[in-house]
Structures are given as C-alpha cells and as structure tokens.
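Below is one structure; the comments refer to it alone.
Readers should treat all values here as calculations from the given coordinates under stated rules, not as data from a laboratory. Because the structure is predicted, anything quoted here is derived from the model rather than measured. So basically every Cβ, Gly included, is an ideal-geometry build from the backbone, and we count neighbours across all protein chains shown.
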Amino acid sequence: MSESKFAFGRNEVGSCVCPAMAAGFEPGDGDGSLYVAEEYDKEVRNIADESYRGIVDEATAKKAWLNTVEYFKRTDMEEAEIGREIAEELGWA
C-alpha cells in the first residue's frame, strides 16, 4: 500500500488534494477551513523547502498540518478547532 500524497499551495494539484479537502472540507467556500489551509501551505513551504505549490508525502503533510493547529492554538481557537477536526478526520490527531 502506498503512502498518500497531499497538495499544497492549491486545493488540488494533479490528482492530489490538500488535507482539508481530503477531510471533506472546501477551503474558500465558507466552511472556515480557508485560513487553516493557507497557514498549512506556509508551513509545508518551511518544512519541505518547497516553492509556490506542489505535492508532498503524508508524513510531511501531517507534520505541517499539526504544526498549523498548534500555531492557531496560540492565535485563534476557532481556527485551531477546525484544524483539529480535519486532523481527526484524517487520523492524524
């Protein structure tokens, strides 16, 4: 079984989607996941030293997502809760 891949920088890159979309959320459609997804994009770029958009393995996506949740725990609890819900849906929490 191959490891999942996740998009960053866009909701979808090729056949891969970002963690929020993989969990059934729609960043940008008013479900509250947009800011969490945008911060995740920044975190992936920092961790993976990647550019604007692309695809990362599940381990990198998970680390970036959980770092993003921790960031929002310090700055915006509503966003942190959305991020936590997504992490739980993906089995990352």
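What to note about this one:
- In the calculated pair-distance distribution of the stretch 5-89, the portion above 15 angstrom amounts to 49 percent of the Cα-Cα pairs.
- Potential extension, residue 46-residue 59 segment - 0.36 nm per residue separation minus Cα distance: 3.2 nm
- Between the exposed loop cleavage positions of the chain, defined as GluC sites (Glu not before Pro) in a non-H, G, I, E, B DSSP state with at most 16 neighbouring beta-carbon atoms within 10 angstrom, the longest gap is 4-49.
- Ranked list, fewest to most other Cβ atoms within 10 Å of each Cβ, for 41, 76: 76, 41
- Only Cα pairs under 8 Å and 6+ residues apart enter the sum, and on that basis the relative contact order of the chain stands at 31 percent.
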